[in-house]
Amino acid sequence: MLQGFKEFLLRGNLIELAVAFIMGTVFAAVVQAFTSIVLDLLGLVVRVEGLSDVAVRGINVGNFLTALITFVLTAAVLYFAVVVPYNRFSRVRKADEPEQAASTEDLLAEIRDLLRAQNRG
């Protein structure tokens, strides 16, 4: 029973998931700091103290704008810093791999066709 638990804990995908979770948490702090800088710059352009103070006809839309900008910046950083390099790496790795051998079904169909042709001739 303890051996099974040990195998579960040391299984590769569990370790990778734990590392990804930790890295994601730390990365979120970096994106949050970057977003804060962008929002401060945007606040200077719009000439408000903080973007969360922005109101349209008495309706405070600043919190929504802050959340929206945070979402877009987070998505952009993740896309350009994680997804694009990963896709490039995957393409390079696939190009280096040898082609997969034909499936068993394809080989059996080819043998069948050859035997049929041989029996006819």
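The values are calculated or read from the model by the stated rules, or taken from the named source; none is laboratory data. What you see is a predicted model; the values in this text were computed from it and never measured. So basically every Cβ, Gly included, is an ideal-geometry build from the backbone, and we count neighbours across all protein chains shown.
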Check your understanding: Restricting the search to the range 36-63, which residues are outside any helix (DSSP H, G or I) and either basic (Lys, Arg) or loosely packed, with under 12 Cβ neighbours inside 10 Å (or both)?
Key -> Arg47, Glu49, Gly50, Ala55, Val56, Arg57, Gly58, Ile59
Exercise for review: Take Thr25 and decide whether it is loosely packed, with under 12 Cβ neighbours inside 10 Å and hydroxyl-bearing (Ser, Thr, Tyr).
Suggested key: yes
Practice item. Kindly indicate whether Asn119 is modelled with pLDDT of 85 or more and either more than 23 Å from the chain's Cα centre (by Cα) or in a loop (DSSP other than H, G, I, E, B) (or both). Key: yes
Practice item. Output yes when any residue across the range 10-33 is at pLDDT below 80, outside any helix (DSSP H, G or I) and β-branched (Val, Ile, Thr), and no when none is. Key: no
